[in-house]
Amino acid sequence: MAGLAATFAESVSMGAVAFTSTLADADYYDSERERELRHIEAAPRLEREEIRQIYAEKGFKGDLLERIVETITANRDVWVTVMMAEEHQLAPVDRKSALKAALVVGGAAIVGSLIPLIPFVFLSVANSMWVSVLITALVLFAVGAYKARVTVGKPGRSGLEMALIGTLSALVGYAVGALLKVPPV
């Protein structure tokens, strides 16, 4: 029961963090965009020179560079969008994605937390602890290997990293329980 309580409390907490961090990213983007708009209004020559430098560093020069600068700076919305992407390396954040992020992270946390609890349904507590660690390490290895196949990296290495991180996390929890004299059985 304690495991289920922790599962749902942690999942709600992680979902809430995903929700609020997405909104914080959106707020940060909006504040930086407003600041950039103020810069464009207050010092258009300086901001135009920044556009020129950005594209000169990309290899553009001469008449082509000047046409790029003129095209970008002719429209304030395009100008500020280019400054946000090129100077600040920021992309707009859709506030509507905050709920989706919360649901995905919260749901993943529930699934991830339930995996180690499954052995406790079928086995004694003493046996369940070791089986739980083993099953969880195997699942984490599989997820890490899958991640490497879908993205980039070596499946074996990525799987091992993920399994080790998860196992070390479990050992930290066990150590805290041992320090507090919480019996494992």
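Before moving on, here are some points about what is shown:
- Geometric extent, Cα atoms of region 1-94 - Rg, Dmax (angstrom): 20.2, 71
- For the chain, calculated [θ]222 nm from helices alone, where every DSSP H run of n ≥ 4 adds -39500 (n - 2.57): -27000 deg cm²/dmol
- Quotient of the Cα radius of gyration of region 52-148 and 2.2 N^0.38 Å, N being its number of residues: 2.05.
- Rounded to the nearest 10 Å², the accessible area of Phe8 at probe 1.4 Å: 100 Å²
- His39 paired with Thr151, simple spin-label distance in nm, labels 7 Å along Cα-to-beta-carbon: 3.0 nm
- Modelled spin-label separation between Ala91 and Ala175, with each label point placed 7 Å from Cα along the Cα-to-Cβ direction: 3.8 nm.
- Per residue Cα convex hull volume in Å³ - calculated over the chain: 171 Å³
- Solvent-accessible surface (1.4 Å probe) assigned to Ile118 amounts to roughly 90 Å².
- The aspartates and glutamates within cross-link reach of Lys58, meaning a Cα-to-Cα straight distance under 20 Å and a gap of 8 or more places when in the same chain, are Glu47, Glu49, Glu50, Glu66, Glu70, Glu86, Glu87.
- Across region 109-179, Cα-Cα pairs farther apart than 20 Å form 34% of the total.
- Across the cross-link table entries Lys100/Lys154; Lys154/Lys181; Lys100/Lys147, which are compared at the Cα atoms, the separations over 32 Å belong to Lys154/Lys181.
- Of all lysines in the structure, not one lies under 25 Å Cα to Cα from Lys61 without also being fewer than 8 positions from it along the same chain.
- Measuring with a 1.4 angstrom probe and ignoring ligands and nucleic acids, Asp77 comes out at about 90 Å² accessible.
- Solvent-accessible surface ranking, highest first, for Trp79, Trp130 at 1.4 angstrom: Trp130, Trp79
- Across Met1, Met84, the residue with the most accessible area heads the list, and the full order at a 1.4 Å probe is Met1, Met84.
The values are calculated or read from the model by the stated rules, or taken from the named source; none is laboratory data. On a predicted model such as this, the values are computed, not experimentally measured, just so you know. Glycine gets a Cβ as well: all are built from the backbone with ideal geometry, and neighbour counts include every protein chain shown. Note: accessible area is taken over every heavy atom of the protein model, side chains too, but ligands, DNA and RNA are not part of it. Shrake-Rupley method; radii C 1.70, N 1.55, O 1.52, S 1.80 Å.
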